[in-house]
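Peer 1: Below: one structure in structure tokens.
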There are 4 protein chains.
Amino acid sequence: MALTPEQAREIEAERNESRPTRRVVSPGLEEILFRALPVLDHGFVRVIDYMGDDGAIVQAARVSYGRGTKKVREDQGLINYLMRHRHSTPFEMCEIKYHVKLPIFVARQWIRHRTANVNEYSARYSILDNEFYLPAAEHLAAQSESNRQGRGDVLSPKDASRVLGLLKDDAERSYKHYQELLNVTDDGKPMDDDQVGLARELARMNLSLNFYTQWYWKVDLHNLLHFLCLRADPHAQYEIRVYADVMLDTVKAWVPAAFNAFQEFRLGAVTLSKSALAVLRRMLAGEALDQASSGLSKREWAELMAALGRGE
Amino acid sequence: MALTPEQAREIEAERNESRPTRRVVSPGLEEILFRALPVLDHGFVRVIDYMGDDGAIVQAARVSYGRGTKKVREDQGLINYLMRHRHSTPFEMCEIKYHVKLPIFVARQWIRHRTANVNEYSARYSILDNEFYLPAAEHLAAQSESNRQGRGDVLSPKDASRVLGLLKDDAERSYKHYQELLNVTDDGKPMDDDQVGLARELARMNLSLNFYTQWYWKVDLHNLLHFLCLRADPHAQYEIRVYADVMLDTVKAWVPAAFNAFQEFRLGAVTLSKSALAVLRRMLAGEALDQASSGLSKREWAELMAALGRGE
Amino acid sequence: MALTPEQAREIEAERNESRPTRRVVSPGLEEILFRALPVLDHGFVRVIDYMGDDGAIVQAARVSYGRGTKKVREDQGLINYLMRHRHSTPFEMCEIKYHVKLPIFVARQWIRHRTANVNEYSARYSILDNEFYLPAAEHLAAQSESNRQGRGDVLSPKDASRVLGLLKDDAERSYKHYQELLNVTDDGKPMDDDQVGLARELARMNLSLNFYTQWYWKVDLHNLLHFLCLRADPHAQYEIRVYADVMLDTVKAWVPAAFNAFQEFRLGAVTLSKSALAVLRRMLAGEALDQASSGLSKREWAELMAALGRGE
Amino acid sequence: MALTPEQAREIEAERNESRPTRRVVSPGLEEILFRALPVLDHGFVRVIDYMGDDGAIVQAARVSYGRGTKKVREDQGLINYLMRHRHSTPFEMCEIKYHVKLPIFVARQWIRHRTANVNEYSARYSILDNEFYLPAAEHLAAQSESNRQGRGDVLSPKDASRVLGLLKDDAERSYKHYQELLNVTDDGKPMDDDQVGLARELARMNLSLNFYTQWYWKVDLHNLLHFLCLRADPHAQYEIRVYADVMLDTVKAWVPAAFNAFQEFRLGAVTLSKSALAVLRRMLAGEALDQASSGLSKREWAELMAALGRGE
């Protein structure tokens, strides 16, 4: 991630201001507010604003007049109850706003979550920067044979080097031609004074999907947790999972009690199907079962054994 | 509106706290934060929390790194542009949370706006207060003859008194029986120690639609303005319009530039249909038109004349 | 449920029409289309229209050009996979539209599900019918002592009779006064020709929450299943659960493969928290545990035992 | 647009089936159902399914039991009323599902409309086809000088040829390298049996934004009209406008009365700001005004004159 000096200055200027407010304040988020938390080679996540804290969840669940005098422990208990019983509306009462810089192919996955507000940097209006994602060698993996939408073994150093060479050359050429189409230099000057530049809304189509874009993304806590549940999952693509991981840290700093409940009842929890539950009951009754006698499919059996921490 | 002493104390306690924050602050909203702004005979609107200000709209539209150094006048210009061209996403970057006390029949209209977050006081879990709406005599009107869903002339004092008598008697009886069903006194004690009370989730069905409920309601600025456009409109029912009016004041205090743009391009604006526009062009070309020669229906002609400020 | 003869005729007239279409057709839904399926004493659920079937889920998951030639068994397999892995978007590709008649207090719970389209009968525009919900004696229960939002023991016949008397008298009086306020008889004539009627939008506030309203409600399959998951649950209030139960039958008739998957991976499934899972692993390893030694709270222990089918 | 023979066969097979249904049928849509309506050089729009017709809008507005016996003319009147007064919920009762093939940069604009259901072809799971968008020479335009997000003059033939050369070469190379990264030939065979292919979820990042993707997109009529209002607008980018234009035709075939109302009260209508309205009143009162004396900004004056059909 390379912030320009001007961007770094703007961020510091904003961090240096402090104003009094009657609203609730999250000390954990105030600490990191506006900072660019690095992700991938040029990306970042910045918390720009937030509304509410753990207490706001409790307050909304009770529709109360003030903050109440309840103890932290009671708040955790109520928040656990709400999370377990999927009473989601009190979690919607907290809101957070991020500024995210991310490769376009990641943005395209991300935007499938529709219950959020988005303002993306416009490549119709402005010129995109010359920044594209190149995976680190250890993340370059072959197509998985068992999972049609996953990765298998990491590439050999030689293969990785060939792949990175292709990706880099193509991205560099594609940006160079983008500038030629626009008739504009790195300094924003015309390349050739006698030439007109192609409309920005057209020229952008020459860029590849690993170029970085950026957006403001605002979401309530309930929908954020749902997003993180899906995107911090091991089955999610690595390049979006690293964003989810950084955002999990911001949730922990913001609403620690809700984060605890989320770990206990979502991230660390497991859902057993009706059939898996029946198998489990037989096991607890002392029956010795293997996949064949369980009646489960191979995949379901493997998943159940994994959930129960038994080597398959 | 009658806050209990305890409620008033809780609100004052919260108003008296002040904490430092790095977030943007709206001085206008800080001033009124948590205060119960009275509406109707027992209702209120309280601003509980907010996120963003006029600058946040501009910042999101530009996807910028800091607050920028732009002038207030330039911000107003950009906000006007966004409002005129219905670029709604930057307005979604501001969020506000209200605590509202309102009659159930008003709540039922309000909830039809689905793009908001709601936590309502639960009458399955708690007992509703003995508070119901009785219109002031000057708002008791006959059914309109020309508009199937509107009010006509105000009732005569004698009729108004008869109507209020009926409404009051029925509401009082319905609450008295609600308590009998629950087997509970005003003090929350059993009426009769040898009796069991009906489940709260059933007893509530005896209450009439003018009883007050309350909720936390959270919404982004774009959707709030849409709500206000419809509910501050003269065609909206009086009992919801008075809530919208109080909320308009909170918007003005919160985001004055967005409020200006809203007045100019929504509240004070008028939309002319294709046919009305064609008639207007003929008028400007000097043609003398009346309803018959215009080709418009009577209603459309009347609406056009009203928009143009011409006595029909 | 009492349909007027005219309503019954209109429904039959619509059922008797048959038109050719190129769209997919669900034989199960065609069979019951437009029929009023009775719920409670005066309510109903009618399926008015639908889009898609099991095949449409598969087709959307594959973004395919035609219906494909896949076998039913393969479709069930893919649908199971989608359900288990919470790939919800293909289920959003099916849509259903209901006409529902339901007590207002049920409607108020229902409407909290915001991801649906609703058109409710307008009591500003029209006069509500004289129909209100009275629970059958076996559903009149005392407030639960252990669960603040549930029912306990069924009332004694004597208590039930007293309760029903109160509810019935109040509802009848409230409707009688509603008509007096409106100055209208059962036949829609003025009660008193010299009198004006109160505006409908005001008079309705005198009705109690057990009066019936009706609406058109349209929802996609994914959001419908989420609704049914919450409302067909034993913790849901009886009066909304009976609607959910009837709608479950319509889902089974409409998309049998999706319904199977829903039973297997949602209705019949159980989610174990991180702590419950750890306890389960210890049990499977042969440790003899009770609530105290498990480290779980009493409620969590009881829920785990119930899930595992062990008498507590 | 080039359908493969197999795709064309699948479409024809589906078109040839006809089934009886009790649901309402739109003859206009049945006529074109499943057909690929061509857009741009390789794109298309196909109507896959639909629910409702003009009558369904009326039926929902009235919450009626049957189709009613109203005349077409009365239906048009009610639909006009609903459209003018922005009663949007009855329009939400109709639903349509499209299969769309479109360049990725168009898909990225399109997806900003969040109130729809989407299933996109997965490039994690499958390999994208070798199809990319190349603008026709007459749509290659220079950046507009007056409008930061628009197009100005069409390029000279020489410039156009140079631009197309760049775009074509880069897209072809990018696809060739995509296949090399995947180690796969046009026939889906390994290029080199001793080589492993890069994971599909990574390889796709080498493709440029003019490559085609495809999705199933389902939306209700109200939100579709909102989409078309914005995307059939002359200010929308040409490459999305052509999709909107084709979809407008499908709306006309589907719900002709709603389409009429949409033209009269949206597409052909104009909204005048508070200030513009004041100026208009002065003009109608006979005052001779120009931009300076009007008090409007140059842009507002120009827009008002354009709306009034007066040469600026």
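Peer 1: Tell me yes or no: at least one residue of the range B:132-151 is surrounded by fewer than 23 Cβ atoms within 10 Å (Cβ to Cβ), of a type in the set (Lys, Arg) and over 25 Å from B:Leu37 (Cα atoms).
Peer 2: Yes, the range B:132-151 contains at least one residue that is surrounded by fewer than 23 Cβ atoms within 10 Å (Cβ to Cβ), of a type in the set (Lys, Arg) and over 25 Å from B:Leu37 (Cα atoms).
Peer 1: Can I ask one more? Any residue in the range D:287-312 that's of a type in the set (S, T, N, Q): show its pairings with residues that are surrounded by 13 or more Cβ atoms within 10 Å (Cβ to Cβ) at Cβ separation under 7 Å, as long as the two are six or more apart or on different chains.
Peer 2: That search, which allows pairs on different chains as well, returns D:Gln291/D:Trp301; D:Ser294/D:Val279; D:Ser294/D:Trp301.
Peer 1: Okay, moving on. Taking B:Glu95 as meeting all but one of (1) in contact (Cβ under 8 Å) with a residue 40 or more places away in the chain; (2) more than 8 Å from chain A (Cβ to nearest Cβ); (3) closer than 20 Å to A:Ala61 by Cα, write down the number of the exception.
Peer 2: Going through (1) in contact (Cβ under 8 Å) with a residue 40 or more places away in the chain; (2) more than 8 Å from chain A (Cβ to nearest Cβ); (3) closer than 20 Å to A:Ala61 by Cα one by one, B:Glu95 breaks only (2).
Peer 1: Another question, if that's okay. Just to be sure before I move on: is D:Val251 closer than 21 Å to D:Arg46 by Cβ and surrounded by fewer than 20 Cβ atoms within 10 Å (Cβ to Cβ) in the structure I sent?
Peer 2: no
Peer 1: Can you find a residue in the range B:194-207 that is of a type in the set (D, E, K, R), within 13 Å of chain C (Cβ to nearest Cβ) and farther than 19 Å from B:Ile104 by Cβ?
Peer 2: Yes; the residues of the range B:194-207 include at least one that is of a type in the set (D, E, K, R), within 13 Å of chain C (Cβ to nearest Cβ) and farther than 19 Å from B:Ile104 by Cβ.
Peer 1: Also, quick follow-up: When you check C:Ala171 against the structure, is it within 14 Å of chain D (Cβ to nearest Cβ) and among the small types (Gly, Ala, Ser), yes or no?
Peer 2: Judged against the criteria, C:Ala171 is not a match.
Peer 1: Shifting gears a bit: Taking B:Arg22 as the residue in question, decide whether it is away from chain A (no Cβ under 11 Å) and either modelled with pLDDT of 95 or more or under 24 Å from the mean Cα position of the chain (by Cα) (or both).
Peer 2: No.
Peer 1: How about the range D:173-196: which of its residues are under 19 Å from A:Asp169 (Cα atoms) and touching a strand residue (DSSP E or B) at 6+ places or on another chain (Cβ under 8 Å)?
Peer 2: D:Ser174, D:Tyr175, D:Leu181, D:Leu182, D:Asn183
Peer 1: If a residue has to be surrounded by 15 or more Cβ atoms within 10 Å (Cβ to Cβ) and facing another protein chain (nearest Cβ under 8 Å) to count, how many in the range D:152-162 make the cut?
Peer 2: Total satisfying the criteria: 3.
Peer 1: On to the next question. Going through C:Thr250, C:Thr271 one at a time, which residue ends up being over 22 Å from A:Leu277 (Cα atoms), outside any loop (DSSP other than H, G, I, E, B) and within 26 Å of the chain's Cα centre (by Cα)?
Peer 2: Of the residues listed, the single one that is over 22 Å from A:Leu277 (Cα atoms), outside any loop (DSSP other than H, G, I, E, B) and within 26 Å of the chain's Cα centre (by Cα) is C:Thr250.
Peer 1: If I ask for residues that are facing chain C (nearest Cβ under 9 Å) and of a type in the set (A, V, I, L, M, F, W, C), which ones from the range D:51-90 would you list?
Peer 2: D:Met51, D:Ala56, D:Ala60, D:Ala61, D:Val63 - these are the residues of the range D:51-90 that are facing chain C (nearest Cβ under 9 Å) and of a type in the set (A, V, I, L, M, F, W, C).
Peer 1: All but one of (1) over 33 Å from the mean Cα position of the chain (by Cα); (2) modelled with pLDDT of 95 or more hold for B:Gly295; which doesn't?
Peer 2: The failed condition is (2).
Peer 1: I want to confirm something. Restricting to the range C:212-242 and keeping residues that are in a loop (DSSP other than H, G, I, E, B) and free of Cβ contacts under 8 Å to residues at least 24 places away in the same chain, which single residue is farthest from the other protein chains (Cβ to nearest Cβ)?
Peer 2: C:Pro234
Peer 1: Starting from residues that are aromatic (Phe, Trp, Tyr) and away from chain B (no Cβ under 14 Å), keep the ones in the range A:104-147 and report whichever is farthest from the chain's Cα centre (by Cα).
Peer 2: So, considering only residues that are aromatic (Phe, Trp, Tyr) and away from chain B (no Cβ under 14 Å), the one farthest from the chain's Cα centre (by Cα) is A:Phe132.
Peer 1: Now for a separate question. Output the qualifying pairs, or none if there are none: Cβ atoms under 6 angstrom, residues six or more apart or on different chains, first residue in the range A:259-281 and more than 7 Å from every other protein chain (Cβ to nearest Cβ), second residue of a type outside the set (A, V, I, L, M).
Peer 2: Sorted first by the residue in the range A:259-281, then by its partner, the pairs are A:Phe259/A:Lys252; A:Ala261/A:Asn80; A:Arg266/A:Cys229; A:Val279/A:Ser294.
Peer 1: Name the residue that is nearest to B:Phe211 (Cα to Cα), counting only residues in the range B:178-190 that are more than 7 Å from every other protein chain (Cβ to nearest Cβ) and surrounded by 13 or more Cβ atoms within 10 Å (Cβ to Cβ).
Peer 2: Out of the qualifying residues, it is B:Tyr178.
Peer 1: Would you check if there is a residue in the range B:179-188 being in the same structural domain as B:Leu102 (by TED's automatic domain parsing), more than 24 Å from C:Gln237 (Cα to Cα) and of a type in the set (S, T, N, Q)?
Peer 2: No, the range B:179-188 contains no residue that is in the same structural domain as B:Leu102 (by TED's automatic domain parsing), more than 24 Å from C:Gln237 (Cα to Cα) and of a type in the set (S, T, N, Q).
Peer 1: Sticking with this structure for a sec: Looking at (1) modelled with pLDDT of 95 or more; (2) in a helix (DSSP H, G or I), which is the one condition that is false for A:Ala302?
Peer 2: Condition not satisfied by A:Ala302: (1).
Peer 1: For residues that are touching a Gly at 6+ places or on another chain (Cβ under 8 Å), assigned to a helix (DSSP H, G or I) and crowded, with 24+ Cβ neighbours inside 10 Å, tally how many sit in the range B:194-211.
Peer 2: Number of matching residues: 1.
Peer 1: Considering only residues that are more than 13 Å from A:Leu308 (Cβ to Cβ) and part of a helix (DSSP H, G or I), which ones fall in the range C:274-299?
Peer 2: Correct list: C:Lys274, C:Ser275, C:Gln291, C:Ala292, C:Ser293, C:Ser294, C:Lys298, C:Arg299.
Peer 1: Of all residues in the range B:129-162, which are in contact with a strand residue (DSSP E or B) (Cβ under 6 Å, 6 or more places away or on another chain) and of a type in the set (A, V, I, L, M, F, W, C)?
Peer 2: B:Phe132, B:Ala141, B:Ala142, B:Val154
Peer 1: Okay, moving on. For D:Asn80, state whether it is of a type outside the set (Asp, Glu) and surrounded by 19 or more Cβ atoms within 10 Å (Cβ to Cβ).
Peer 2: Criteria met by D:Asn80.
The values are calculated or read from the model by the stated rules, or taken from the named source; none is laboratory data. Note that the structure is predicted; figures quoted are calculated from it, not measured. Quick reminder, even Gly has a Cβ in these numbers, built from the backbone with ideal geometry, and neighbours come from all protein chains shown.
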